[in-house]
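What follows is one structure encoded as C-alpha coordinates, with my remarks underneath.
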Amino acid sequence: MAFHNQSPAFVLPLLLITLASMSGNTMVAEARHLLDITLPDIPSSLPHFPTVPGLPEVPKVEVPHIPSFPEPQEVPRVKGPYVPSFGEPHEVPKIEVPHIPSFPEPNFPSFPEPQEIPKVEVPHIPSFPEQPEIPKLEIPKLPELPAFPGLPEQPKIPTLKP
(Lines give C-alpha, C1' and ligand atoms only; values in the text may rest on other atoms or scores of the structure.)
Protein backbone atom coordinates (compact mmCIF):
# COMPACT_ATOMS: atom_id res chain seq x y z
CA MET A 1 0.00 0.00 0.00
CA ALA A 2 3.01 2.27 -0.16
CA PHE A 3 2.43 3.11 -3.86
CA HIS A 4 -1.29 3.86 -3.73
CA ASN A 5 -0.90 7.57 -4.51
CA GLN A 6 1.98 7.43 -7.01
CA SER A 7 1.66 7.38 -10.79
CA PRO A 8 2.04 3.92 -12.36
CA ALA A 9 4.22 5.36 -15.15
CA PHE A 10 7.11 3.09 -14.14
CA VAL A 11 5.09 0.02 -15.20
CA LEU A 12 5.10 0.78 -18.95
CA PRO A 13 8.91 0.68 -19.46
CA LEU A 14 9.13 -2.53 -17.45
CA LEU A 15 6.38 -4.08 -19.56
CA LEU A 16 8.11 -3.08 -22.81
CA ILE A 17 11.46 -4.45 -21.63
CA THR A 18 9.83 -7.73 -20.59
CA LEU A 19 8.00 -8.16 -23.89
CA ALA A 20 11.10 -7.29 -25.93
CA SER A 21 13.22 -9.85 -24.07
CA MET A 22 10.55 -12.56 -24.46
CA SER A 23 10.15 -11.99 -28.19
CA GLY A 24 13.91 -12.28 -28.73
CA ASN A 25 14.08 -15.60 -26.91
CA THR A 26 11.23 -17.13 -28.89
CA MET A 27 12.77 -16.09 -32.21
CA VAL A 28 16.05 -17.79 -31.35
CA ALA A 29 14.18 -20.88 -30.17
CA GLU A 30 12.16 -21.02 -33.37
CA ALA A 31 15.29 -20.64 -35.46
CA ARG A 32 16.90 -23.56 -33.63
CA HIS A 33 13.73 -25.57 -34.15
CA LEU A 34 13.88 -24.89 -37.90
CA LEU A 35 17.46 -26.12 -38.02
CA ASP A 36 16.46 -29.44 -36.43
CA ILE A 37 13.60 -30.15 -38.87
CA THR A 38 14.37 -32.35 -41.87
CA LEU A 39 12.58 -31.42 -45.04
CA PRO A 40 10.99 -34.15 -47.20
CA ASP A 41 12.69 -35.01 -50.48
CA ILE A 42 11.04 -33.75 -53.64
CA PRO A 43 10.59 -36.51 -56.25
CA SER A 44 12.42 -35.92 -59.51
CA SER A 45 9.49 -36.98 -61.76
CA LEU A 46 6.03 -35.61 -61.24
CA PRO A 47 3.00 -37.95 -61.27
CA HIS A 48 0.67 -37.91 -64.30
CA PHE A 49 -2.30 -35.66 -63.69
CA PRO A 50 -5.66 -36.66 -65.30
CA THR A 51 -7.01 -34.38 -68.00
CA VAL A 52 -9.93 -32.19 -67.06
CA PRO A 53 -13.01 -32.62 -69.27
CA GLY A 54 -14.25 -29.52 -71.07
CA LEU A 55 -17.30 -27.57 -69.98
CA PRO A 56 -20.60 -28.96 -71.27
CA GLU A 57 -22.65 -26.84 -73.66
CA VAL A 58 -25.44 -24.97 -71.98
CA PRO A 59 -28.71 -24.85 -73.97
CA LYS A 60 -30.00 -21.38 -74.88
CA VAL A 61 -32.79 -20.26 -72.59
CA GLU A 62 -35.86 -18.78 -74.26
CA VAL A 63 -36.91 -15.46 -72.79
CA PRO A 64 -40.69 -15.01 -72.50
CA HIS A 65 -42.26 -12.16 -74.46
CA ILE A 66 -43.02 -9.09 -72.32
CA PRO A 67 -46.29 -7.48 -73.39
CA SER A 68 -46.16 -3.77 -74.14
CA PHE A 69 -48.61 -1.46 -72.45
CA PRO A 70 -50.44 1.26 -74.38
CA GLU A 71 -49.09 4.74 -73.70
CA PRO A 72 -51.53 7.06 -71.92
CA GLN A 73 -52.86 9.83 -74.11
CA GLU A 74 -53.29 12.44 -71.41
CA VAL A 75 -52.31 12.31 -67.78
CA PRO A 76 -55.16 13.47 -65.55
CA ARG A 77 -54.28 16.53 -63.46
CA VAL A 78 -54.56 16.27 -59.70
CA LYS A 79 -56.38 19.15 -58.05
CA GLY A 80 -54.10 20.88 -55.52
CA PRO A 81 -55.11 22.05 -52.03
CA TYR A 82 -57.04 25.28 -51.61
CA VAL A 83 -54.78 28.26 -50.80
CA PRO A 84 -56.69 31.29 -49.49
CA SER A 85 -55.67 34.71 -50.79
CA PHE A 86 -55.05 37.49 -48.31
CA GLY A 87 -55.30 40.34 -50.76
CA GLU A 88 -52.60 42.88 -51.43
CA PRO A 89 -49.93 43.35 -48.77
CA HIS A 90 -50.22 46.46 -46.64
CA GLU A 91 -47.55 49.10 -46.76
CA VAL A 92 -45.14 49.10 -43.84
CA PRO A 93 -44.89 52.59 -42.35
CA LYS A 94 -41.43 54.16 -42.35
CA ILE A 95 -39.87 54.53 -38.94
CA GLU A 96 -38.55 57.97 -38.17
CA VAL A 97 -35.00 58.09 -36.90
CA PRO A 98 -34.73 60.20 -33.74
CA HIS A 99 -32.57 63.30 -34.05
CA ILE A 100 -29.24 63.04 -32.22
CA PRO A 101 -28.07 66.40 -30.90
CA SER A 102 -24.59 67.53 -31.86
CA PHE A 103 -22.16 68.02 -29.04
CA PRO A 104 -19.67 70.90 -28.95
CA GLU A 105 -16.09 69.96 -29.67
CA PRO A 106 -14.11 69.68 -26.41
CA ASN A 107 -11.16 71.98 -25.84
CA PHE A 108 -8.06 70.06 -24.86
CA PRO A 109 -5.18 71.89 -23.21
CA SER A 110 -2.27 72.43 -25.52
CA PHE A 111 1.04 70.91 -24.62
CA PRO A 112 4.27 72.85 -25.06
CA GLU A 113 6.39 71.82 -28.01
CA PRO A 114 9.44 69.77 -27.08
CA GLN A 115 12.71 71.62 -26.98
CA GLU A 116 15.56 70.60 -29.20
CA ILE A 117 17.97 68.27 -27.49
CA PRO A 118 21.54 69.53 -27.73
CA LYS A 119 23.84 67.26 -29.66
CA VAL A 120 26.37 65.50 -27.46
CA GLU A 121 29.95 65.74 -28.63
CA VAL A 122 31.65 62.41 -29.14
CA PRO A 123 35.10 62.34 -27.55
CA HIS A 124 38.02 61.88 -29.92
CA ILE A 125 39.32 58.29 -29.92
CA PRO A 126 43.06 58.16 -30.50
CA SER A 127 44.20 55.92 -33.32
CA PHE A 128 46.40 52.94 -32.62
CA PRO A 129 50.04 53.20 -33.62
CA GLU A 130 50.92 51.50 -36.86
CA GLN A 131 52.05 47.95 -36.46
CA PRO A 132 55.58 47.19 -37.61
CA GLU A 133 55.94 45.04 -40.69
CA ILE A 134 56.70 41.44 -39.92
CA PRO A 135 59.10 39.86 -42.39
CA LYS A 136 57.82 36.81 -44.25
CA LEU A 137 59.32 33.63 -43.01
CA GLU A 138 60.98 31.44 -45.58
CA ILE A 139 60.67 27.71 -45.23
CA PRO A 140 64.14 26.20 -45.25
CA LYS A 141 64.75 23.64 -47.95
CA LEU A 142 65.00 20.12 -46.61
CA PRO A 143 68.16 18.23 -47.36
CA GLU A 144 67.82 15.51 -49.94
CA LEU A 145 67.76 12.06 -48.46
CA PRO A 146 69.81 9.28 -49.98
CA ALA A 147 67.90 6.90 -52.24
CA PHE A 148 66.14 4.08 -50.40
CA PRO A 149 67.72 0.76 -51.27
CA GLY A 150 64.34 -0.80 -52.18
CA LEU A 151 63.46 -4.43 -52.61
CA PRO A 152 65.72 -6.87 -54.45
CA GLU A 153 64.69 -7.86 -57.95
CA GLN A 154 62.68 -11.05 -58.24
CA PRO A 155 64.55 -13.98 -59.70
CA LYS A 156 63.52 -15.10 -63.18
CA ILE A 157 61.78 -18.45 -63.21
CA PRO A 158 62.33 -20.54 -66.31
CA THR A 159 59.21 -21.49 -68.26
CA LEU A 160 58.51 -24.39 -70.64
CA LYS A 161 56.97 -22.21 -73.31
CA PRO A 162 59.28 -21.20 -76.15
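The values are calculated or read from the model by the stated rules, or taken from the named source; none is laboratory data. This is a predicted model, so every value here is computed, not measured. With ideal geometry, Cβ positions are generated from the backbone for all residues, glycine too; neighbour counts draw on all protein chains shown. With ligands, DNA and RNA removed, areas are computed over all heavy atoms of the protein, side chains included. Shrake-Rupley method; radii C 1.70, N 1.55, O 1.52, S 1.80 Å.
Worth pointing out:
- About its Cα centre, the chain has a charge dipole of approximately 1000 debye under the convention of +1 per Lys or Arg Cβ and -1 per Asp or Glu Cβ, with nothing else charged.
- Computed from point charges on the beta carbon alone (+1 for Lys and Arg, -1 for Asp and Glu), the dipole magnitude for the range 73-162 about its Cα centre is near 1120 Debye.
- Length released on extending from ARG32 to PHE128, taking residue separation times 0.36 nm less the Cα-Cα span: 26.4 nm
- GNM flexibility winner over the chain from LYS136, LYS119, LYS94 (Cα, springs under 10 Å): LYS136
- Residue among PRO47, PRO76, VAL61 farthest towards the positive dipole end of the range 28-162, charges placed on Cβ: PRO47
- A straight chain from THR159 to VAL120 at 0.36 nm per residue would run longer than the Cα-Cα distance by 3.9 nm.
- For the chain, the fraction of 1.4 Å probe accessible surface lying on carbon and sulfur atoms is 66 percent.
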